[in-house]
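To start, the structure under review is shown below, and the notes come after it.
The values are calculated or read from the model by the stated rules, or taken from the named source; none is laboratory data. Keep in mind the model is a prediction, meaning the values are calculated, not measured. Every residue, glycine as well, gets a Cβ built from its backbone with ideal geometry; the counts of neighbours run over all protein chains shown. Side chains are part of the model used for accessible areas, which takes the heavy atoms of the whole protein and leaves out ligands, DNA and RNA. Shrake-Rupley method; radii C 1.70, N 1.55, O 1.52, S 1.80 Å.
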Amino acid sequence: MRIVTGDEIPDLISQAADQVEQLVRANPQAVIGIATGSSPEPLYVELTRRAQAGLDLSQLRITCLDEYIGLPAEHVQSYRHYITEQILTPWNIDPAHAVLPEGDAADPDAAAAAFEEGIGGLGGIDLQILGIGPNGHIAFNEPGSPFDSRTRVVDLTADTREANSRFFDSIDEVPRQALTQGIGTILESRSAIMLAFGEAKAEAVAAMIDGPVDENVPASALQRHPALEVFLDAAAASRLGNGGLRPS
């Protein structure tokens, strides 16, 4: 695990974008896994700027971490819609080169299995982009998720639904389930970048980096990742060395 800290978020975003650009120049058809949280958004904006300046991202193959169950692809809050608007269109990527979970499938369990198989069909993920939740979750893997878990259907916790309700008109509209890559699936990515900014992430970041590897802190599994870079502003890094969240 390589930790990069800094006072200026734009500088950290630029360094993370440099890592993506290096991969793209070495392998234009690399598989990149997209996280759809707010922390990675500035990275996508910077990569779009670089694409407009001449960096060719069009041959990349794209996948993602998760998707709400029950939302059609065209729903403004579906992650498939997000990836189309923020990644595929501005990077000029053919939608056929995206392997995304089908959240509105009639059989969600079958859709989870198909998504897992789709990742395998791509040859695995070359670079997975990640965020972290305040309770240490990654993707929709909440505390207690097994470290060997695969892509599956999960129930969203009340806290997660409440946190995500800001994107919907009311909490009643927030789906109660999602498809998510499992922690075991995430750990198989050949490299990964995590972005975490702000004091609200400080305890989770400290638990991930300094704490024991424990299923009650899902992100702590990333201590076992073979090639993870973590980009932190000063606020998110402020509790390193102090332990952060502790498993109950």
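Values for this structure:
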{"item": "Residue within segment 221-233 that is farther than 18 Å from residue 40 by Cα, part of a loop (DSSP other than H, G, I, E, B) and in contact with an Asp or Glu (Cβ under 9 Å, 6 or more places away or on another chain) present", "result": "no"}
{"item": "Top-ranked residue in segment 35-66 [being under 18 Å from residue 17 (Cβ atoms) and among the β-branched types (Val, Ile, Thr); ranked as most open to solvent (accessible area, probe 1.4 Å)]", "result": "45"}
{"item": "Checklist (1) under 15 Å from the mean Cα position of the chain (by Cα); (2) not in a helix (DSSP H, G or I) applied to residue 103, failing item", "result": "(1)"}
{"item": "Residue within segment 68-80 that is acidic (Asp, Glu), within 21 Å of residue 114 (Cα to Cα) and touching a Ser or Thr at 6+ places or on another chain (Cβ under 6 Å) present", "result": "no"}
{"item": "Members of segment 67-81 that are closer than 26 Å to residue 187 by Cα and either of a type in the set (Val, Ile, Thr) or buried (at least 21 other Cβ atoms within 10 Å of the Cβ) (or both)", "result": "67, 68, 69, 78, 79, 80"}
{"item": "Entirely in segment 1-87, the helices (runs of 4 or more DSSP H) that have 1 or more residues that are among the charged types (D, E, K, R) and touching a residue at least 24 places away in the same chain (Cβ under 8 Å)", "result": "9-26, 41-52"}
{"item": "When residues of segment 117-166 are limited to those that are farther than 25 Å from residue 206 by Cβ and in contact with a Gly (Cβ under 7 Å, 6 or more places away or on another chain), the one surrounded by the fewest Cβ atoms within 10 Å (Cβ to Cβ)", "result": "150"}
{"item": "Flag if residue 108 is of a type outside the set (A, V, I, L, M, F, W, C), exposed (fewer than 15 other Cβ atoms within 10 Å of the Cβ) and within 24 Å of residue 153 (Cβ to Cβ)", "result": "no"}
{"item": "Subset of segment 171-204 that is farther than 17 Å from residue 232 by Cα and of a type in the set (Lys, Arg) - its residue that is least open to solvent (accessible area, probe 1.4 Å)", "result": "190"}
{"item": "Given (1) modelled with pLDDT of 95 or more; (2) touching a Phe, Trp or Tyr at 6+ places or on another chain (Cβ under 9 Å), index of the condition residue 25 fails", "result": "(2)"}
{"item": "Failed item, numbered, when residue 185 is tested on (1) part of a loop (DSSP other than H, G, I, E, B); (2) touching a residue at least 12 places away in the same chain (Cβ under 8 Å)", "result": "(1)"}
{"item": "Residue in segment 191-198 that is in contact (Cβ under 8 Å) with a residue 60 or more places away in the chain, in a loop (DSSP other than H, G, I, E, B) and under 30 Å from residue 122 (Cα atoms) present", "result": "yes"}
{"item": "Segment 106-136, residues that are within 16 Å of residue 178 (Cβ to Cβ) and in a loop (DSSP other than H, G, I, E, B)", "result": "107, 131, 133, 135"}
{"item": "Members of segment 58-88 found to be touching a His at 6+ places or on another chain (Cβ under 9 Å) and among the acidic types (Asp, Glu), listed by number", "result": "74"}
